Amino acid sequence: MVEDEVEFSGRSIEEAITQAETYFGGSRADLSITVVTQGRGGVFGIGAEPARIRARPPATVPAVVERPQTLIQEEVTSDGVHPDALQAEDEHASEFEQDLDDRDSSRSKHAVAASVDLPGDAQEVLNGLLHSMGFDAEVTVRSTENPVILSVSGQNLGVLIGRRGDNLASLQFMVNLILSKGRRQWPRVVIDVENYRARREESLRSLADRIAYRVGRTGRPFTLEAMPASDRRVIHLSLRERGDIETYSIGEGVSRRVVIAPVRADSSNGDRD
């Protein structure tokens, strides 16, 4: 980096330049500015990147020796997402939904509502979202039945999955939300990234077997950590043929958990879901 050159970041190039003007105490006409990156918004924080520039004053302007504490470069969150990414991603998502509305306006209401269009529409929506987030990925339709299943393959897609599938669940919800526009019922589209769901199910079945063995040996119930409904269902189905073990769910919302317990006459503590 050139001596006395300082890097600034913001939600846009304009905001970064404004920081540079304040820092050096001059107008942009007095500064030498190099754009490092235009930045991008991303969706749900995925793929977000701030705009960055490098700026330095002309030789006639004394360089600032110490940068004011209030102008220290904006931090990113612990997962590498810019703190203003949520606002940017909402704007980006709204623009994308408007594009879809414009394309759909040329179709009749009956054509939009027809379920036969769902696989193709879902593939188009997911491709658009992944492109807007900066991912180079291929989307294929694995199943056209109910639910429609889309497979995503590519490089470095772990961030799309997130911790225990949290990001994948959010992406799937957004795709279904966009597809619900103009349809009479909520679409059922399932998204799988690099065969994650199959691997997750295998891991959950293995967990269920281990805990069931432990419960059968000790005679004491075991409460698993909170899980989404899809994961709880895998646990229930994995153990439903066991004559000595029962499963039920307790808690509400995101705190809902599966209990694996010895079979007993009174099983009213919870319910399967």
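The values are calculated or read from the model by the stated rules, or taken from the named source; none is laboratory data. Just so we're clear, the structure is a prediction, and the values are computed from it rather than from any experiment. Methodologically, a virtual Cβ is constructed for each residue, glycine included, from the backbone with ideal geometry; neighbour enumeration extends over all protein chains shown.
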Taking region 47-60 as the search range and keeping residues that are at pLDDT 60 or above and not small (Gly, Ala, Ser), which one is surrounded by the fewest Cβ atoms within 10 Å (Cβ to Cβ)? Pro58
Every residue from region 213-266 that is surrounded by 16 or more Cβ atoms within 10 Å (Cβ to Cβ), among the acidic types (Asp, Glu) and touching a strand residue (DSSP E or B) at 6+ places or on another chain (Cβ under 8 Å): Glu246
Which count do you get for residues in region 1-24 that are closer than 14 Å to Pro57 by Cα, assigned to a loop (DSSP other than H, G, I, E, B) and at pLDDT 75 or above? 1
Count of residues meeting criterion [in contact with a helix residue (DSSP H, G or I) (Cβ under 9 Å, 6 or more places away or on another chain) and at pLDDT 90 or above] in region 173-186: 6
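Take Glu201 and tell me if it is surrounded by 11 or more Cβ atoms within 10 Å (Cβ to Cβ) and either closer than 24 Å to Val139 by Cα or touching a residue at least 60 places away in the same chain (Cβ under 8 Å) (or both).
Working: surrounded by 11 or more Cβ atoms within 10 Å (Cβ to Cβ): yes; either closer than 24 Å to Val139 by Cα or touching a residue at least 60 places away in the same chain (Cβ under 8 Å) (or both): yes.
The answer is yes for Glu201.
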Against the definition (over 18 Å from the mean Cα position of the chain (by Cα), in contact (Cβ under 8 Å) with a residue 24 or more places away in the chain, within 15 Å of Asp273 (Cβ to Cβ) and outside any loop (DSSP other than H, G, I, E, B)), how does Arg232 come out, yes or no? yes
